[in-house]
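Notes to accompany the following structure.
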Amino acid sequence: MNANDFKSNDPIAWCPGCGDFGIVNALKKSLVKLDKKPHEILLVSGIGQAAKLPHYINANCFNGLHGRALPAAAGAKIANRDLTVIVTTGDGDCYGEGGNHFLHNIRRNCDITVVVCDNQIYGLTKGQASPTTDTGYATKVQVNGVILEPFHPLAAAIALGCGFVARGFSGDPEHLSELIAEGVRHKGFALIDVLQPCVTFNKKNTHDWYSKRVYKLDKTYDPLDRTAAYAKAEEWGERIPLGIIYQKDRPCYEQLSGIDTALPLCRNCSPVDISGLLSDFE
Amino acid sequence: MVEFSVKICGEAGQGTQTIGNALCLAFKNSGYHVFAIQDFMSRIRGGNNFFQLRASHQPVSCPRRLSRLIITLDKASPRIHAASLEPGGVIIADCKKFLLDANQPGIFDVPLYTIAAGFGDEMYINSAAAGIAAYICALGLPALGAVFNKIFSAKGGEITAKNCQAAEAGYKYAAANFKGQRFDCAPSAAGKYLLNGNDAIALAAIRAGCKFYTAYPMSPSTGIMTTIAEYASRCGILVEQAEDEIAAVNMAIGASFAGARAMAATSGGGFMLMMEGVSLAGMTETPLVVADIQRPAPATGFPTRTEQADLDFLLSAGHGEFARLIFTPGTPQEAFALTLKAFDLAEKYQIPAFILSDQYLADSYCDAAELDFQSPVEKRRIISFEESATVNNYKRYCLTDSGISPQAVPGWIKEAIYADSDEHTPEGHITEDAAIRVQMVEKRLYKKMAGLTREIVAPTAFSLDGADIVLVGFGSTYGLLRELSLASGKRKIGAVHLSQAWPFPSEIMAGLLKGHKRIFTLENNAGAQLAKLLRRETGITAEGSILKFDGRPFSMEDAQEKIPE
């Protein structure tokens with residue numbers, strides 16, 4: 001397999017220069033690294049620019065509702081555990097509209113990988129603040145600047161016990177592809193928050209703005225140290241860390257529920273003889 | 001018809017349901033047909049609940065207003081329920097404990113609390129009372145003992161033994177002290193099973209091969225989840241309690257897209273949260289089965305009571321236009337058959353299919369025959385695992401005459417499958433093309449509706465020939481309509497029961513109602529929703545509607561009083 005095997009013929013509808021281009025390329029590279037075939041992958045998305053991404057890859061796609069990518073992905077993984085399920089979502093989709101599912105799917109810990117294309121703004125609805133927009137940033141709705149504290153997805157995920165918490169950057173697809181591949185290899189819910197510019201609506205957090213600040217965590221950083229991970233997760237401003245911020249092995253949903261060793265549910269939906277059950281109703 | 005009703009009343013937590021269920025089983029095993037309703041408050045302890053069963057030597061399917069025997073377990077019950085005693089009936093009460101005059105007519109004074117104390121705990125009053133009922137109803141102690149041994153078995157030998165002993169003590173007390181006439185109506189043969197509407201839906205889902213059930217607990221739908229959960233490991237089913245109904249419906253859709261048979265159930269408020277998901281299933285053409293077990297609304301309403309007011313809501317649930325199926329089963333037997341059918345048709349047409357039940361049907365028990373569970377189960381409609389190997393150039397939404405594009409399972413075929421909530425091309429990619437839009441709307445709405453309309457479940461007609469008045473109802477009023485049409489009276493009553501509300505059986509209804517001048521709908525709602533639907537779909541205007549919206553089901557007498565002269 002090479003990146004061309006994952007090439008889709010669907011014309012791309014993103015703005016020229018969008019950070020999503022880097023992310024789709026990184027995702028294709030990671031699938032090559034993982035030695036996956038297109039039909040073995042299921043990409044699930046909600047709504048937003050990031051949610052269009054599955055159409056631009058030759059792999060199975062379920063593009064559902066705004067905010068609801070995670071429950072659809074969890075349901076698909078539970079039903080058909082042989083699929084490699086990757087969610088491509090955005091800061092509004094995952095942290096705003098789908099916030100409750102974000103909390104509970106980290107708890108549920110299905111073996112899915114969640115790539116959040118975090119451009120710190122709402123693109124598709126034309127430039128309103130997202131949950132991760134920096135305080136003070138003015139939009140047509142938040143006319144005097146955002147007055148709320150941004151949501152901290154990485155710190156929240158660590159607090160919730162997420163077993164794989166990483167941050168990537170659309171401007172470094174090679175590094176990002178490694179992170180995604182690692183996320184897929186991780187057995188359980190893997191969160192990769194990807195910083196990306198919105199060339200049309202986010203005039204503050206641009207490609208250059210990120211490029212000047214991001215740095216890669218080196219080998220001296222220990223992602224198994226939860227306390228250190230909190231500190232890293234909150235590092236923002238002049239220096240922004242990239243890489244695996246926190247990692248912890250814990251049993252995933254498929255293991256805990258026992259479906260990992262049974263025939264996949266989707267293969268097992270033939271009619272069931274209930275005569276033995278009916279005797280309980282005699 | 002020789003029959004009687006028994007009502008068991010007490011506070012939540014006193015075990016009215018336990019002995020109600022036990023007496024139902026004992027009556028059934030003794031050959032009585034039974035029908036029982038549960039009336040309980042939205043609280044865990046206290047208040048006043050009752051379990052009312054009707055036993056007969058003929059099939060029975062709706063409650064009567066009056067009971068011949070009323071068992072009271074708490075002080076408040078004799079006062080609350082005295083008015084529902086049949087003339088000549090008996091109220092069992094612990095007069096000393098409840099500070100009642102034991103010489104009142106109709107009272108059979110039993111020291112229930114003293115008997116229970118003999119076994120070391122007040123909780124045994126219900127079993128002692130069941131023993132008394134077994135004597136008065138001429139059931140015999142062994143019939144009750146056999147049931148007690150079965151239902152208490154999970155609680156261990158000591159608890160089972162004490163309950164049996166308390167029942168025996170009650171039975172013996174009644175044998176020595178009850179001076180009235182015992183009931184005995186020489187029963188014939190009843191059905192083998194006893195189950196309620198929720199049990200029937202759960203068993204059908206298991207039978208249909210549903211392997212993923214997801215829901216957020218909500219009365220009165222939760223029983224479906226607990227029954228499926230009880231058998232989940234035996235049947236290889238995964239039951240997942242979702243964080244909310246939005247997650248439940250989206251998980252079910254994800255599972256169904258990925259090839260598994262999936263289901264969710266809820267009540268009106270939860271269904272409201274699922275509506276966007278319903279629309280998603282319509283758009284992505286993903287099979288989805290959802291049961292709405294109605295309770296009185298708006299908002300929180302009466303959490304544990306009954307109503308049929310979600311009909312309008314389900315007809316238009318989910319934004320936009322797409323084909324759907326709404327079954328409105330009238331009995332547990334029908335709920336079983338139609339849930340099976342819902343799984344099949346949801347998969348065949350790749351649509352959302354709804355089972356519209358309510359608390360009354362969900363919690364009402366009746367006896368059922370073995371034959372009632374032998375409905376045929378169709379084979380799955382998706383491209384099978386074996387067939388998948390030969391699939392080429394797959395298009396998820398390819399255009400066909402039937403509007404149905406074969407459903408492939410991701411991972412089974414060697415190509416990518418694209419499904420989208422945006423308007424999409426036959427390949428499943430997002431499009432804004434006007435011509436494709438028209439083709440896709442026609443596919444999802446017109447073509448699928450045409451197919452569904454060809455396989456409508458016909459309404460059931462009762463005694464329409466020469467009827468002076470025809471009653472039309474849907475869902476849980478089946479038994480009532482049947483019995484009203486059988487009852488003798490000044491006017492000859494005919495009835496029609498709809499087991500399917502959508503697609504509406506317009507032609508069949510027009511045929512059945514032709515020539516009938518006096519048509520009334522009978523509905524457990526305030527808005528006469530069925531009357532409006534009937535007029536909209538057939539042009540037939542009902543003369544009026546017999547409505548009940550106090551959160552309680554119609555008794556036979558409630559309905560008879562409201563039928564116009």
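Yes/no per residue for (1) surrounded by fewer than 24 Cβ atoms within 10 Å (Cβ to Cβ); (2) within 18 Å of B:I91 (Cβ to Cβ):
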{"residue": "B:V2", "(1), (2)": "yes, no"}
{"residue": "B:G13", "(1), (2)": "yes, no"}
{"residue": "B:F27", "(1), (2)": "no, no"}
{"residue": "B:M41", "(1), (2)": "yes, no"}
{"residue": "B:L53", "(1), (2)": "no, yes"}
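Enumerate the strands (runs of 3 or more DSSP E) found wholly within region B:431-547, keeping only those where 2 or more residues are over 24 Å from B:A323 (Cα atoms) and modelled with pLDDT of 95 or more.
Hits in region B:431-547: B:460-462, B:469-474, B:493-498, B:519-523, B:544-547.
Here are some conditions: (1) touching a residue at least 40 places away in the same chain (Cβ under 8 Å); (2) open to solvent by 20 Å² or more (accessible area, probe 1.4 Å); (3) assigned to a helix (DSSP H, G or I). B:Y124 meets all but one. Which one does it not meet?
Failing condition for B:Y124: (2).
Does region B:119-133 contain at least one residue that is within 30 Å of B:Y478 (Cβ to Cβ) and either touching a helix residue (DSSP H, G or I) at 6+ places or on another chain (Cβ under 7 Å) or of a type in the set (K, R) (or both)?
Yes, region B:119-133 contains a residue that is within 30 Å of B:Y478 (Cβ to Cβ) and either touching a helix residue (DSSP H, G or I) at 6+ places or on another chain (Cβ under 7 Å) or of a type in the set (K, R) (or both).
Look at region A:238-262 and say how many of its residues are within 12 Å of another protein chain (Cβ to nearest Cβ), open to solvent by 70 Å² or more (accessible area, probe 1.4 Å) and either in a loop (DSSP other than H, G, I, E, B) or of a type in the set (V, I, T) (or both).
The number of residues fulfilling the criteria is 1.
Could you please find all residues in region A:58-74 being crowded, with 24+ Cβ neighbours inside 10 Å and of a type in the set (S, T, N, Q)?
Hits for region A:58-74 are A:N60, A:N63.
Search region B:414-463 for residues being within 30 Å of B:E483 (Cβ to Cβ) and among the aliphatic types (A, V, I, L, M), and hand back the single one that is farthest from the other protein chains (Cβ to nearest Cβ).
B:A461
Kindly list the number of the only condition in (1) of a type outside the set (S, T, N, Q); (2) on the phi < 0 side of the Ramachandran plot; (3) part of a strand (DSSP E or B) that fails for B:R43.
So B:R43 meets the others, but not (3).
Is it the case, given these coordinates, that B:D109 is without any contact (Cβ under 8 Å) to a residue 40 or more places away in the chain, surrounded by 20 or more Cβ atoms within 10 Å (Cβ to Cβ) and acidic (D, E)?
When the stated conditions are applied, B:D109 does not pass them.
Give the residue, chosen from B:A309, B:A262, B:A281, B:A299, that is more than 19 Å from the chain's Cα centre (by Cα) and either among the hydroxyl-bearing types (S, T, Y) or over 20 Å from B:Y213 (Cβ atoms) (or both).
Within the list B:A309, B:A262, B:A281, B:A299, the selection yields B:A299.
Quick check on B:G270: is it away from chain A (no Cβ under 14 Å), in a helix (DSSP H, G or I) and open to solvent by less than 10 Å² (accessible area, probe 1.4 Å)?
yes
Could you identify the single residue in B:A309, B:A252, B:A247 that is part of a loop (DSSP other than H, G, I, E, B) and at pLDDT 95 or above?
That would be B:A309, the only listed residue that is part of a loop (DSSP other than H, G, I, E, B) and at pLDDT 95 or above.
What's the number of the condition B:S56 fails, among (1) modelled with pLDDT of 95 or more; (2) in contact with an Asp or Glu (Cβ under 7 Å, 6 or more places away or on another chain)?
The one condition B:S56 does not meet is (1).
What tally of residues in region A:16-36 results from selecting those that are part of a loop (DSSP other than H, G, I, E, B) and surrounded by 15 or more Cβ atoms within 10 Å (Cβ to Cβ)?
4
What single numbered condition from (1) touching a residue at least 60 places away in the same chain (Cβ under 8 Å); (2) closer than 28 Å to A:A3 by Cα; (3) of a type in the set (A, V, I, L, M, F, W, C) fails to hold for A:A72?
Condition not satisfied by A:A72: (1).
I need the full set of residues from region A:60-84 which are aliphatic (A, V, I, L, M) and over 25 Å from A:G123 (Cα atoms), in order please.
Residues satisfying the conditions are A:A74, A:A76, A:I78, A:A79, A:L83.
Would a scan of region B:522-531 turn up a residue that is open to solvent by 40 Å² or more (accessible area, probe 1.4 Å) and not aliphatic (A, V, I, L, M)?
no
Considering only residues that are part of a loop (DSSP other than H, G, I, E, B) and of a type in the set (A, V, I, L, M), look in region B:312-332 and name the one that is nearest to B:L547 (Cα to Cα).
Among those residues, the one meeting the criterion is B:A317.
Please work out if B:Q439 is open to solvent by 10 Å² or more (accessible area, probe 1.4 Å) and touching a residue at least 12 places away in the same chain (Cβ under 8 Å).
The answer is yes for B:Q439.
Do we find that B:K414 is touching a helix residue (DSSP H, G or I) at 6+ places or on another chain (Cβ under 7 Å), modelled with pLDDT of 95 or more, of a type outside the set (S, T, N, Q) and within 30 Å of B:E386 (Cβ to Cβ) in this structure?
Criteria met by B:K414.
Which numbered condition trips up A:D5, out of (1) within 9 Å of chain B (Cβ to nearest Cβ); (2) more than 29 Å from A:P150 (Cβ to Cβ); (3) part of a helix (DSSP H, G or I)?
That leaves (1) as the condition not met.
So, in region A:205-220, how many residues would count as being under 12 Å from A:L242 (Cα atoms) and exposed (fewer than 11 other Cβ atoms within 10 Å of the Cβ)?
Of the residues in that region, 1 qualify.
Which ones in region B:158-190 are closer than 20 Å to B:G106 by Cβ, out of contact with any Phe, Trp or Tyr (no Cβ under 6 Å at 6 or more places or on another chain), touching a residue at least 24 places away in the same chain (Cβ under 8 Å) and assigned to a helix (DSSP H, G or I)?
The answer is B:G170, B:Y173, B:N177.
Considering only residues that are buried (at least 24 other Cβ atoms within 10 Å of the Cβ) and farther than 20 Å from B:F257 by Cα, look in region A:75-97 and name the one that is farthest from the other protein chains (Cβ to nearest Cβ).
The selected residue is A:D91.
Here's a check for you: in region B:198-226, which residue that is of a type in the set (S, T, N, Q) and either surrounded by 24 or more Cβ atoms within 10 Å (Cβ to Cβ) or more than 25 Å from B:F40 (Cβ to Cβ) (or both) is farthest from the other protein chains (Cβ to nearest Cβ)?
In this case the residue turns out to be B:S221.
Looking only at region B:221-236, decide whether some residue is outside any helix (DSSP H, G or I) and either farther than 26 Å from B:G473 by Cα or at pLDDT 95 or above (or both).
Yes, that holds for at least one residue.
Considering only region B:300-310, I want to know if a residue exists there that is among the hydrophobic types (A, V, I, L, M, F, W, C) and in contact with a helix residue (DSSP H, G or I) (Cβ under 6 Å, 6 or more places away or on another chain).
The answer is no; no qualifying residue exists.
Looking only at residues that are more than 11 Å from the chain's Cα centre (by Cα) and within 7 Å of chain A (Cβ to nearest Cβ) in region B:185-197, which one is farthest from B:A342 (Cα to Cα)?
Among those residues, the one meeting the criterion is B:K192.
Every residue in region B:286-301 that is surrounded by fewer than 24 Cβ atoms within 10 Å (Cβ to Cβ) and either within 14 Å of chain A (Cβ to nearest Cβ) or without any contact (Cβ under 8 Å) to a residue 12 or more places away in the chain (or both), please.
Across region B:286-301, the qualifying residue is only B:P298.
The values are calculated or read from the model by the stated rules, or taken from the named source; none is laboratory data. Quick caveat, the model's predicted, so the values are computed rather than measured. Neighbour counts run over all protein chains shown; Cβ positions are idealised from the backbone, glycine included. Remember, those area values only see protein heavy atoms, side chains included, never the ligands or the DNA or RNA. Shrake-Rupley method; radii C 1.70, N 1.55, O 1.52, S 1.80 Å.
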